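Enquirer: Shown below is the structure under consideration.
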Amino acid sequence: MNVSNEKGANMRSIAPAFCLAWLLLAAPARADAPPAEPIQVRLTRSTDGFMQHIGISNREVDFSAEPTYAGREVLRRAFNCGPNFDLLGFAVDVAGGKLYVDLNRNGDLTDDPAGVFTADPNVSPPNFDFVLPIERQGRRIDFHLTLQIYNAGAMSLRLNSGWQGSVAAGGQTFSVRVKDDLTATEGFVQLWIGIGEPSFDSVFLIMGQMIRRLVLQDQLYEVDMKHAAADQPELLFTLEPIEEPMGRLLLEGKNFSRLTLEQGSDTLAVFNQPSGEIELPEGAWRLTEAVIGGSRPSISFKLKTPHQDVHVTRGEPARLQLGPPFINSVAVSRRGPFLNFDYKLVDAGGHAWRPIHFDSNKKPKLEVWQGEKLLAQADFEYG
């Protein structure tokens with residue numbers, strides 16, 4: 001049995017701008033809440049859960065001097081390692097299990113002892129887990145990478161490091177993670193915020209230009225992120241409160257666990273478990289994400305095409321028509337001996353939703369009847 005699924009949109013990296021990703025599960029602040037205070041946290045280096053693929057040139061690289069290799073198969077390539085397309089050359093001695101990186105970029109692979117790395121002897125073809133020291137704005141950053149060699153000279157390069165910490169806001173603690181970027185001037189590019197340990201269920205990614213303003217708990221903040229002092233390998237993540245006229249947005253739907261909206265290219269608003277009414281700075285906003293489901297639901301649903309525009313003012317509240325009641329439908333098609341079941345969930349406004357995570361112990365069931373006789377039954381997986 002085949003069940004259709006829709007994958008997420010393609011993502012592309014934007015450097016040196018920051019790409020922000022936020023997951024903020026907290027209730028809106030009350031109108032009589034005290035003035036918000038600035039928030040600043042220090043993020044430290046981490047290699048836990050980070051992964052970004054790095055492109056490798058297809059052309060053979062020429063070096064002025066090379067070491068003596070153990071075998072005849074030598075792979076000479078380069079990858080982008082700077083904001084101005086600064087290529088960094090390297091050579092792989094496949095038989096000898098050695099990686100030589102031209103750290104000083106002078107074309108000589110024999111004068112960079114810190115750029116020589118040995119592969120895991122238990123893996124063939126060789127894999128290299130190595131640390132690449134790079135200067136960024138007068139400071140050294142150690143980037144953690146993995147070079148995977150495949151048959152016939154194919155290879156892949158992954159960047160596995162970043163920064164992490166936590167921030168307290170609205171009575172809750174949020175994890176903060178920042179992805180390394182070899183091509184960014186600052187050495188980092190993407191920001192994630194989530195509850196507890198980030199995962200594919202608890203973290204989502206917002207792609208765009210540098211987010212300079214963030215609405216959090218009905219409070220507008222200015223966002224800043226920069227390196228700490230040169231002798232401190234930390235990032236400073238700062239939220240500075242901004243006072244600005246706010247308008248109201250009425251939610252004509254229930255059971256929302258998260259709403260995300262953007263204003264222009266530099267302002268982001270995230271509401272988790274919102275109900276009834278939310279507050280936003282005045283102006284045009286675009287809905288970029290909507291999720292329905294409880295904090296620990298048996299299943300949650302995400303709006304398939306969320307890009308809806310709303311205009312918020314201090315006068316009459318704007319309205320967002322979205323969510324329950326839902327209409328279920330299943331379209332069945334046959335391909336040879338297989339039946340394809342295309343499950344659709346549509347709200348009263350005609351918007352389609354899709355399941356994103358659910359309780360694996362509560363699988364949907366299919367039963368086939370002929371009159372009062374049960375012919376077949378089975379469980380199947382969402383997606």
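The values are calculated or read from the model by the stated rules, or taken from the named source; none is laboratory data. What you see is a predicted model; the values in this text were computed from it and never measured. Counting neighbours? That spans all protein chains shown, and the Cβs are built from the backbone with ideal geometry, glycine included. Just so you know, the surface numbers come from the protein's heavy atoms only, side chains and all, with ligands and any DNA or RNA stripped out. Shrake-Rupley method; radii C 1.70, N 1.55, O 1.52, S 1.80 Å.
Enquirer: Take the residues of region 242-293 that are in contact with a strand residue (DSSP E or B) (Cβ under 9 Å, 6 or more places away or on another chain) and hydroxyl-bearing (Ser, Thr, Tyr): which is farthest from Pro35 (Cα to Cα)?
Expert: Only one residue fits best here, namely Thr288.
Enquirer: Here's another thing I want to ask about it. Do we find a residue being closer than 30 Å to Glu186 by Cα and small (Gly, Ala, Ser) anywhere in region 268-287?
Expert: The answer is yes; a qualifying residue exists.
Enquirer: Read through the list (1) open to solvent by 60 Å² or more (accessible area, probe 1.4 Å); (2) not in a loop (DSSP other than H, G, I, E, B), then give the number of the only condition that Leu99 fails.
Expert: The one condition Leu99 does not meet is (1).
Enquirer: Under the condition of being modelled with pLDDT under 90 and either assigned to a strand (DSSP E or B) or among the polar types (S, T, N, Q) (or both), which residue from region 109-132 is surrounded by the most Cβ atoms within 10 Å (Cβ to Cβ)?
Expert: Ser124
Enquirer: Cβ contacts < 9 Å: first residue touching a residue at least 60 places away in the same chain (Cβ under 8 Å) and hydrophobic (A, V, I, L, M, F, W, C), restricted to region 55-75; second residue in a loop (DSSP other than H, G, I, E, B) and open to solvent by less than 40 Å² (accessible area, probe 1.4 Å), any location; separation 6+ or different chain. Result?
Expert: Here the result reads Leu75/Val94, each pair linking region 55-75 to a residue that is in a loop (DSSP other than H, G, I, E, B) and open to solvent by less than 40 Å² (accessible area, probe 1.4 Å).
Enquirer: If you don't mind, there's one more thing I want to ask. What are the pairs with Cβ atoms under 8 angstrom where one residue, in region 76-91, is farther than 20 Å from Glu66 by Cβ and the other, located anywhere, is at pLDDT 90 or above and outside any strand (DSSP E or B)? Sequence gap at least six, or different chains.
Expert: Hits for this filter: Asn80/Gly55; Asp86/Arg105.
Enquirer: State which residue is surrounded by the most Cβ atoms within 10 Å (Cβ to Cβ) when the search covers only region 277-297 and only residues that are in a loop (DSSP other than H, G, I, E, B) and modelled with pLDDT under 85.
Expert: Gly293
Enquirer: Now, a different point. Do we have Lys254 as closer than 30 Å to Lys365 by Cβ, outside any strand (DSSP E or B) and out of contact with any His (no Cβ under 6 Å at 6 or more places or on another chain) here?
Expert: yes
Enquirer: Only one of (1) closer than 30 Å to Leu214 by Cα; (2) at pLDDT 90 or above is not met by Gly49, so which one is it?
Expert: (2)
Enquirer: Continuing with the same structure: Of Leu303, Leu374, which residue is modelled with pLDDT of 85 or more and not small (Gly, Ala, Ser)?
Expert: None of the other options fit; the residue is Leu374.
Enquirer: Specify which of the listed residues (Phe50, Phe143) is open to solvent by less than 70 Å² (accessible area, probe 1.4 Å), free of Cβ contacts under 8 Å to residues at least 60 places away in the same chain and within 23 Å of the chain's Cα centre (by Cα).
Expert: Phe143
Enquirer: Okay, next question. Is it true that Arg248 is open to solvent by 70 Å² or more (accessible area, probe 1.4 Å), in a strand (DSSP E or B), in contact with a His (Cβ under 7 Å, 6 or more places away or on another chain) and at pLDDT 90 or above?
Expert: no
Enquirer: Determine whether region 68-83 contains at least one residue that is open to solvent by less than 30 Å² (accessible area, probe 1.4 Å), modelled with pLDDT of 90 or more and part of a loop (DSSP other than H, G, I, E, B).
Expert: Yes, there is a match, as at least one residue in region 68-83 is open to solvent by less than 30 Å² (accessible area, probe 1.4 Å), modelled with pLDDT of 90 or more and part of a loop (DSSP other than H, G, I, E, B).
Enquirer: What residue, of Gly323, Gly383, is at pLDDT 75 or above and in a loop (DSSP other than H, G, I, E, B)?
Expert: Matching residue, one of Gly323, Gly383: Gly323.
Enquirer: Could you check, for region 347-362, whether at least one of its residues is at pLDDT 80 or above, surrounded by 10 or more Cβ atoms within 10 Å (Cβ to Cβ) and over 30 Å from Glu252 (Cβ atoms)?
Expert: Scanning region 347-362 turns up no residue that is at pLDDT 80 or above, surrounded by 10 or more Cβ atoms within 10 Å (Cβ to Cβ) and over 30 Å from Glu252 (Cβ atoms).
Enquirer: How many residues does region 146-176 contain that are more than 19 Å from the chain's Cα centre (by Cα), part of a strand (DSSP E or B), surrounded by 14 or more Cβ atoms within 10 Å (Cβ to Cβ) and modelled with pLDDT under 90?
Expert: 2
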